[in-house]
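Written out below as structure tokens is the structure these notes cover.
Taken together, the values in this text are just the output of simple stated rules run on the coordinates, not laboratory data. From a predicted model like this one, the values you see are computed outputs, not experimental measurements. We place every Cβ from the backbone using ideal geometry, glycine too, and count neighbours over all the protein chains shown.
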Amino acid sequence: MSRSSLITTQQHPRPLLHLVSTAAASRLTAPEARSVKLFSQDAAAALGLDPDKSQLELWLEKTGQQTTALENDPQDDSTSTFWRSVLEPIIAWRYSRSTGRKVRRYSREVSHASPDLPWMAARIEREVLDDKDVQLLVCRAVGASEVHRWQEGVPVAMRLQVMHLLVVTGKHAADVAVLLGGQQWQIHRIDRDESSIAQLIEGERQFWHYMDTDRPPPADGSFSAGKALARLYPQDSGARRDFRQQAGLLAIYLELKVLRQALQAKQARAAELQQRLQQALGDATYGDFPHGSIRWQWAQDRTVLDVERLLQDQPELLDRYTKHLPGERQFFIS
């Protein structure tokens with residue numbers, strides 16, 4: 001079957017959907033306890049383009065080996081997820097007021113009807129009514145720490161999320177209404193793009209192959225992938241594996257070893273260069289160059305608790321205020 005036949009186009013009089021009831025949805029994580037799907041918010045991670053979540057972490061979630069992170073608890077008012085749920089209805093109201101368009105809260109889960117795309121599903125939040133130019137509305141409240149991602153328009157991760165929505169629903173355009181840092185208001189139109197959709201489907205298909213084969217995707221060097229590896233392999237067994245005949249792993253090992261040696265050499269060189277500049281400054285605070293400046297100044301004095309002396313004077317405090325910190329696996333190379 002050709003790729004074009006897998007894509008819902010504007011010519012369909014009605015979108016290819018399966019409505020799914022979410023009334024009894026639970027947080028069960030076992031794969032056999034629920035139908036595993038890729039939703040629009042998973043699209044960027046599935047393609048390895050989500051700055052906050054790696055393919056490996058997404059794979060752990062979808063295979064039931066990792067539950068939703070605590071920072072995503074929608075009931076906890078100290079999380080960004082909570083405040084998004086509070087602010088997004090206000091953003092939808094502001095969008096309707098500023099554009100004159102009617103918006104309806106939809107809150108339905110739909111799946112793509114094509115048997116060739118069994119993984120594709122979406123949770124539709126809002127529809128734009130009676131408008132030939134745009135049919136869906138996505139509302140987002142973006143925290144101050146993420147505003148920089150929107151400086152050049154809609155981030156890739158959000159664009160992929162919307163394109164996934166358009167594939168599943170068969171719609172041809174969506175508006176993204178976003179409140180940046182609690183004060184900057186923007187509306188972005190994202191139109192259906194068949195070339196981007198083809199790439200999205202192929203990327204998700206490759207990720208779904210990892211699901212079908214129960215094989216984790218490769219780590220990508222991100223903080224997210226590091227957390228996922230620690231969750232996937234929390235303990236070592238003491239066993240030894242022979243990789244001497246595995247050319248691919250041997251190449252990775254040699255490259256890492258060379259890189260670490262080069263980093264050590266560069267760090268040593270950087271320390272030497274810094275000291276040379278400090279020596280040139282002497283007792284001066286600032287030094288100017290054609291392309292910048294240097295500064296070597298006294299840090300403010302601090303007052304800290306002398307824990308060692310405190311425990312010498314009152315050793316019983318150690319038993320009363322001991323805190324257990326779980327260990328973790330350490331990586332070494334030789």
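Residues of segment 273-292 with an amide N closer than 20 Å to a point placed 7 Å from the Cα of ALA299 along the Cα-to-Cβ direction: 273-279, 281-287.
For LYS227, a cut-off of 20 angstrom between C-alpha atoms picks up these aspartates and glutamates, skipping any fewer than 8 places away in its own chain: ASP42, ASP50, ASP52, GLU57, GLU61, GLU71, ASP73, ASP214, ASP236, GLU328.
Spin-label model, THR213/ILE90: points 7 Å from Cα along the beta carbon direction are separated by 4.8 nm. Residue exposure proxy: ILE294, ILE190, ordered by other Cβ atoms within 10 angstrom of their Cβ from fewest to most, comes out as ILE294, ILE190. Take every pair of alpha-carbon atoms less than 8 Å apart whose residues are at least six positions apart; their mean separation over the length of the chain yields a relative contact order of 18 percent. In the chain, the longest principal axis of the Cα atoms and the axis of helix 194-212 are about 70 degrees apart. Using every alpha carbon pair in segment 164-273, what percent of pairs falls into each 5 Å bin from 0 up to the bin containing the largest distance? Histogram of Cα-Cα distances, whole percents per bin: 2, 7, 8, 10, 14, 13, 12, 9, 9, 10, 5, 1, 0. Summary of packing: across the peptides 125-132, 42-49, the per-residue average of other C-beta atoms within 10 Å ranks them, highest first, as 42-49, 125-132. Based on C-alpha pairs under 8 angstrom that are at least 6 apart in sequence, segment 37-186 has a relative contact order of 26 percent. The lysines within cross-link reach of LYS102, meaning a Cα-to-Cα straight distance under 25 Å and a gap of 8 or more places when in the same chain, are LYS132, LYS171.
How much FRET efficiency would the formula 1/(1 + (r/R0)^6) give for LEU277 and TYR233, where r is the Cβ-Cβ distance and R0 is 51 Å, rounded to 0.05?
With R0 = 51 Å, the Cβ-Cβ based efficiency is 0.70.
Taken along its principal axes, the alpha carbon cloud of the chain reaches lengths of 75, 55, 54 Å, longest axis first.
When each of the peptides 153-159, 58-64, 303-309 is scored by how many other beta carbons lie within 10 Å of its residues on average, the order from highest to lowest is 58-64, 153-159, 303-309.
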